[in-house]
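Readers should treat all values here as calculations from the given coordinates under stated rules, not as data from a laboratory. Everything numeric here is computed off the predicted structure, so don't read it as measured data. Glycine gets a Cβ as well: all are built from the backbone with ideal geometry, and neighbour counts include every protein chain shown.
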Amino acid sequence: MYLLIPAAGSGQRMGSAWQRQNKAPRNKLLLDLLGKPILAWTLLAAEASQTITWIGIIGQPFDWDDFKEIVQSLKLTKPVHFIQGGTTRQESVYNGLQALPPEAEQVLIHDGARCLATPELFDRCTEALQTCDGLVAAIPVKDTIKVVSEGLVASTPERSQLWAAQTPQGFSVPLLKKCHLEGRTQGWEVTDDAALFEQCQLPVQILPGEETNLKVTTPMDLAIAEFILRQRD
Ligand code: C5P
């Protein structure tokens, strides 16, 4: 299975975490988490997966030296490719899809910032993708969610129908390429790939995600990630 890792974000919500590590702010995936950069944990899970055979890291060229150093230090056995990121996540994934080898029929896309996903989650996604063309790892939401407009609650969707989308998300490569092209033509702006599939009226299957599979976005997430990893030792 081919795996694309979007890792080209800037991590603007991580400022104080860099201060704490006495470094100038840059890509949050380079922040230290229990002695390794965040991205290293994501890569180790991909390496340990039984089904991932090819890894593409989508990043900004100014981060490549650091990314390459991480890959080398982990002594990964799987082939790793570096792909130029875009100005949005959507554009980064688009670039990633163009960089897949022509024989790639299916792909998993997994945010570099979700560094706690387990190898088993990748493998469950690979297996489920044998019987569908699109899937998203997700968990039911615990909070009651409000739709807000101009500071006022507009509505309260029924909680039992709400799931929090995670990554990995898995797709047929030709179909996802078509959806990304359509998204570019129509000017759709989305924050995950499943949304493009939906906009093209294609079914996206829910695959039970992991409660610990959080996206490290804020300094608090970093502290929680550290706590979760310590439990695993
Ligand atoms: O910013 P956020 O955490 O939502 O980004 C999700 C993932 O998308 C991160 O792993 C980030 O590095 C990646 N990303 C990207 N290209 C961008 C913006 C974000 O690959 N232009």
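Quick notes
- Shape summary: the chain maps onto an equivalent ellipsoid whose semi-axes, from the alpha-carbon gyration tensor, are 26, 23, 18 Å in decreasing order.
- Estimated from the Cβ-Cβ distance and a Förster radius of 41 angstrom, the FRET efficiency linking T118 and S16 is about 0.90.
- Estimated 222 nm signal from helices in the chain, with DSSP H stretches of n ≥ 4 weighted -39500 (n - 2.57), rounded to 500: -11000 deg cm²/dmol
- The residues C132, C200, when put in order of fewest to most other Cβ atoms within 10 Å, stand as C132, C200.
- When the Gaussian network model of the chain links Cα atoms closer than 10 Å, the mean-square fluctuations of E210, E105, E69 top out at E69.
- Projected label points at A48 and I224, each 7 Å from Cα along the beta carbon direction, are separated by 2.1 nanometres.
- Counting lysine pairs in region 118-233 that sit 8 or more residues apart in sequence, or on different chains, and whose Cα atoms lie under 28 Å apart gives 4.
- Compared with the alpha-carbon gap, the fully stretched path from T156 to L175 is longer by 3.5 nm at 0.36 nm per residue.
- Max mean-square fluctuation residue, GNM over the chain, Cα-Cα springs under 10 Å, options D32, D193, D111: D32
- The separation of region 95-163 from region 186-210, counted between C-alpha centres, amounts to 8 Å.
- Span from the region 21-53 Cα centroid across to the region 57-91 one, whole angstrom: 11 Å
- Average Cα contact separation per residue, region 1-110, under 8 Å, 6 or more apart, as relative contact order %: 38 percent
- Normalised contact order of the chain, rounded percent, pairs of Cα under 8 Å and 6 or more residues apart: 23 percent
- Comparing mean-square fluctuations of L196, L116, L74 from a GNM of the chain with C-alpha springs under 10 Å, the top value falls on L74.
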